[in-house]
Every structure is written in structure tokens, then in C-alpha cells.
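One structure is given below, encoded as C-alpha cells.
Read the figures in this text as sums done on the coordinates, not as results from a lab. Keep in mind that what you see is a predicted model, and the values were worked out from it rather than measured. As a convention, Cβ positions derive from the backbone with ideal geometry for all residues, glycine included, and neighbour counts pool all protein chains shown.
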Amino acid sequence: MEKYFNVNLEFDKFVVDDVIGSCIKNNKPGYVCSVESNNLSVANVNNEFLEVLNGAVVNICDGSMLATILGFIHKKPFKPYIGADLFINYVRSGKYKQYFLGNTHKVLSGLRKELSKIDPKIANMPFVELPFRSVDEFDYKSIAADINNYRPDIIWVSLGAPKQEFFMNRLLPFLERGVMFGFGAIFNFYSGVGSVKRAPAWMRRLKLEWLYRAIEEPKKNIPRYLRFIKLLPRLIKEEKKKRKNRC
């Protein structure tokens, strides 16, 4: 991975999958962060969160516009690895022992039902709701004990950013194996319940998924996008300077 906008990012999907596969094969616990405008913005104003992101075994670029901006700066054909796509690809592979953690009972129940249609084995995998509390208040040792007893290959974590990234970082020392993925609203996308849906395919093709999310949840997402836009000129200036120094 290389640093872009101060955060480690891997744009090669094959490298991402190889890193994840190697961790699973070698029983090495770790976590993967899905980096988009929101947590990128937080990381560039919060050093503790920046360290959390850069402590991941690998990070994916979960934003078409972010990939486009960085590709323009570095003159490379960067493409995103959208978290929702990675999630469903790994589910469809049918070869991983998975543990689903976080979100609500209603969403988890819907998710189990929908994913079991893809892979019937998922019906018997753990779907575990967490109590609503701050990241400092979780009993990480107890949570890890249940996970370690099941010994999953993959642990999907849905708590929303940046909470889920802090959560994974703090849970990591207690895990014996398993790769955690902090994927937020993706549980909602594939659960078949609630109002939070993924953008239609035509908007994804036009790199407008961010616009759909803004319209879908304006109070939540518009302030996030505005914070990123405000921060972007400084990030671009610094990134161009780093690129020039490397040349």
C-alpha cells in the first residue's frame, strides 16, 4: 500500500484479495477499512483515527470520485474497490466461515434471510447485535471470546464510521484469527429491510453513488460531503507537493 491523502490505500483488487487470503490462511487476525470521503476527512483532522486506518492490513478506496481525484493527481487509472461489491463477492464465493457483528436485530434478521438465499450455509452463521454504547464501553475481551470460539475467517462489522474502525482496532489484540471488515451501511443494503438502500446500477455506472447517498440521508451525509469539500483543496495541494518530491 501507498499513502494517498495521508492514508494507506490499495487500488489493486488482486493485491487486496491476496492480503486478505494470506491473513485467513495463516490465521493472522487483522482488519480492513473501507476508505471514502467521510473517514478520510476524519483521519486528516484526528491523528488517533489516522493511526487506526493506517494500522489496517489493507485499505480499499470505497469512492469513485475519490479514486478519480487521486488518479488525476498521480496520472494513474485508479479505480475504486467498492465495499458493497467486495462484501457480496466474498459472500457469493461460498468458501468463508463468517461472523456478522453490529447494526440492529431487525437488519441482522433480514440480512441472514437474504444472504442465506445466496449461500445456505450462512443461515447457521452468527449474527450478533451489539449494545448501543461508546467505543470505550464495549467488553472487547468478552466479544472476542465468542468470536474466537467460532473461529471465523471473516468478521463483518457494521457500526458506522469512524466508530467501527476504532472498534476493530481495539478488538484486534483479543482475536486469535479472522479478518474484520468495517462496512457500515452495507448490512442495510443487503438486508431487504429499512429505508437505506444502495444506489441503482445506472447511478453507480455514472459514479453518482455519493449523490444517491446524499439524497437518501441528507442530514447525515451532506455535512460529511461538505466537510470533505472544505478539506479537499489543502489535501490536493499537499498531495501534489508529495508527488513532485517523489519525481
Practice problem: Give me the lysines in straight-line cross-link reach of Lys95: C-alpha distance below 16 Å, same-chain residues under 8 apart excluded. | Solution: Lys25, Lys117, Lys121
Quiz item: Given H placed on each backbone N at 1.01 Å, which residues far from Val32 in sequence or on other chains put an amide H within less than 5 Å of it?
Solution: Met180, Phe181, Gly182
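So which of Lys106/Lys197; Lys163/Lys237; Lys75/Lys163; Lys76/Lys207 end up more than 22 Å apart, counting from Cα to Cα? Each step should come with its number before you reach the end.
Values: Lys106/Lys197 15 Å; Lys163/Lys237 29 Å; Lys75/Lys163 33 Å; Lys76/Lys207 17 Å.
Too far apart for the 22 Å limit: Lys163/Lys237; Lys75/Lys163.
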Quiz prompt | Charge dipole of the chain about the Cα centre (unit charges at C-beta), most positive-ward option of Phe166, Pro77, Tyr225 | solution = Pro77
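Helix-derived [θ] at 222 nm for the chain: sum -39500 (n - 2.57) over DSSP H runs of at least 4, divide by residue count, nearest 500? Could the numbers behind the result be given before it?
Numbers: 12 runs with 131 residues, N = 247.
Calculated at 222 nm, the ellipticity per residue is -16000 deg cm²/dmol.
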Quiz prompt | Cα-centred dipole magnitude for the stretch 48-133, charges only on beta-carbon of K, R (+1) and D, E (-1), debye, nearest 20 | solution = 380 debye
Quiz item: For the stretch 2-238, with only Lys/Arg (+1) and Asp/Glu (-1) charged at the beta-carbon, what is the dipole magnitude about the Cα centre, in debye rounded to 20?
Solution: 660 debye
Quiz item: Would you list Cys33, Cys61 from fewest to most Cβ contacts within 10 Å?
Solution: Cys61, Cys33
Self-check item: Solution diffusion estimate, µm²/s, Stokes-Einstein, the stretch 99-168, Kirkwood Rh from C-alpha pairs, 10 °C, viscosity 1.306 mPa s
Solution: 124 µm²/s
Practice problem: Counting only C-alpha contacts under 8 Å and six or more residues apart, can you give the relative contact order of the chain as a whole percent? | Solution: 24 percent
Self-check item: Reduced Cα scattering model of the chain, Debye log10 I(q)/I(0), q = 0.17 Å⁻¹
Solution: -1.42
Quiz item: Around Val128, which amide H atoms from residues at least 5 apart in sequence, or from another chain, sit under 5 Å from its own amide H, with H modelled in the peptide plane?
Solution: Phe100, Leu101, Gly102
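Pairwise over distinct Cα atoms, reciprocal of the mean inverse distance: report the Kirkwood radius of the stretch 1-131 in Å, one decimal place.
On the way: mean 1/r = 0.0615 Å⁻¹.
This gives a value of 16.2 Å.
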Self-check item: Most mobile listed residue (Gly184, Gly83, Gly194) in the chain, GNM with C-alpha springs under 10 Å
Solution: Gly194
Self-check item: Residue-by-residue Karplus 3J(HN,Hα) for the stretch 142-153, coefficients 6.51, -1.76, 1.60, Hz, glycine and proline x
Solution: 5, 4, 5, 4, 5, 5, 4, 5, 7, 6, x, 7
